[in-house]
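Here's the structure we're looking at; comments come further down.
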Amino acid sequence: MYWTKKHVLVCTAVHCNQKGAMDIAGRLRLAVLRKGLDSGILVNNCGTIDLCDCGPNVVVYPDNVIYNGVTVKDIPEIMTHLEGGPVVERLVLSATSDAELGRKGYYAEALSNDGGLPAEAADALASRHGFDDQWIGEQLRRGFMARKPHAESGEDRIQVTKKARDRYSL
Ligand code: FES
């Protein structure tokens with residue numbers, strides 16, 4: 001925005017909101033107002049940014065920073081960043097963060113199994129990449145994988161969706 005120094009977008013779509021995003025957006029807006037910074041820092045809610053498994057997510061422009069897994073306890077540090085301080089590195093999500101590289105590794109290997117993976121094989125693959133079956137469940141709920149019947153056997157297979165392929169450029 002040409003009249004603001006920073007534009008903060010708090011995803012308050014359903015998955016982030018289930019983990020408290022509305023509260024974060026409200027408190028962040030209030031913190032900016034209380035410090036009299038609202039002419040330079042604009043805080044808005046936004047719809048999904050397709051990182052639904054690791055929200056609540058907060059995007060800061062023009063810094064090109066995505067904070068993930070944000071809680072209300074993180075607001076003071078985020079405020080310090082917004083006031084010109086350092087980026088809160090422990091909350092940053094990027095294509096090269098360890099967590100994203102780990103997830104990308106899983107998806108790249110899963111995609112090499114044409115037709116999808118049986119549930120046990122998906123669990124084993126997840127385990128090799130440092131994830132558990134709860135992680136698989138979260139990825140399924142957030143639309144990065146889907147259960148679909150195999151074309152020939154009709155057995156349930158776990159398949160990687162377009163949402164995951166797009167996110168990890170696979
Ligand atoms: S609901 Fe926030 S990234 Fe999807």
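The values are calculated or read from the model by the stated rules, or taken from the named source; none is laboratory data. This one's a predicted model, so the numbers in the text were calculated from it and none came from an experiment. Here the Cβ is made from the backbone with ideal geometry for all residues, glycine too, and neighbour counts use every protein chain on show. Side chains included, ligands, DNA and RNA excluded: accessible areas come from the protein's heavy atoms. Shrake-Rupley method; radii C 1.70, N 1.55, O 1.52, S 1.80 Å.
Quick look at the numbers
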read-out	value
Among residues of the stretch 102-142, those that are assigned to a loop (DSSP other than H, G, I, E, B), closer than 19 Å to Glu152 by Cβ and small (Gly, Ala, Ser), counted	3
Selected residue [crowded, with 17+ Cβ neighbours inside 10 Å and touching a Gly at 6+ places or on another chain (Cβ under 9 Å)] from Leu125, Leu117, Leu91	Leu91
One residue from Ala126, Ala119 being among the aliphatic types (A, V, I, L, M) and over 21 Å from Leu101 (Cβ atoms)	Ala119
Matching residues, the stretch 95-114, being under 20 Å from the mean Cα position of the chain (by Cα), of a type in the set (S, T, N, Q) and surrounded by fewer than 13 Cβ atoms within 10 Å (Cβ to Cβ)	Thr96
Residue among Ile75, Ile41, Ile49 that alone is in contact (Cβ under 8 Å) with a residue 40 or more places away in the chain, more than 16 Å from the ligand (Cβ to nearest atom), open to solvent by 10 Å² or more (accessible area, probe 1.4 Å) and under 12 Å from Val10 (Cβ atoms)	Ile75
Test: residue in the stretch 144-151 that is in a helix (DSSP H, G or I) and more than 21 Å from Ser169 (Cα to Cα)	no
Residue that is most open to solvent (accessible area, probe 1.4 Å) [pool: residues in the stretch 1-21 that are under 16 Å from Val59 (Cβ atoms) and in a helix (DSSP H, G or I)]	Asn17
